[in-house]
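Asks: One structure follows; several queries about it will come next.
The values are calculated or read from the model by the stated rules, or taken from the named source; none is laboratory data. It should be emphasised that the depicted structure is a prediction, and the values quoted were computed from it without experimental measurement. Every residue, glycine as well, gets a Cβ built from its backbone with ideal geometry; the counts of neighbours run over all protein chains shown.
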Amino acid sequence: MFTLQLPSSLPMPLPDDEYLRHDATGLAELVRRGEVSPLELVETAIARIERLNPRLNAVIHRMDETARALARHGRRNAVRLRRLYTPAGPSGLGQP
């Protein structure tokens, strides 16, 4: 029997029922208490987008790597990272 072993360095997404039980404030509280990492939340959101968006077509501009970088490096570096990942120009050329 084959079992998939994922490297322990990869964050595992939260189960859907756990993720959906909380609003944004509740998820932030889980991070503050150390029950989940920001990167785990990002991976959960990305997994849900990948699973649901083909039917919904709600997410038209994916910024997965930007979200992962911000989750890895924290709020301290958010402004600097935002500048790195946003195209130059006064409006960010349509970047959200």
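Asks: Pairs, please: C-beta under 7 Å, at least 6 apart or cross-chain, first residue β-branched (Val, Ile, Thr) and in the range 33-46, second in a helix (DSSP H, G or I)?
Replies: Partner pairs satisfying both residue conditions: Val36/Leu30; Val42/Ala67; Val42/Arg68; Val42/Ala71; Thr44/Tyr19; Ile46/Asp64.
Here is a yes/no grid of residues against (1) among the β-branched types (Val, Ile, Thr); (2) at pLDDT 95 or above; (3) within 15 Å of the chain's Cα centre (by Cα); (4) assigned to a loop (DSSP other than H, G, I, E, B):
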| site | (1), (2), (3), (4) |
| --- | --- |
| Pro11 | no, no, yes, yes |
| Glu18 | no, no, no, no |
| Val31 | yes, no, yes, no |
| Arg55 | no, yes, no, no |
| Ala78 | no, no, yes, no |
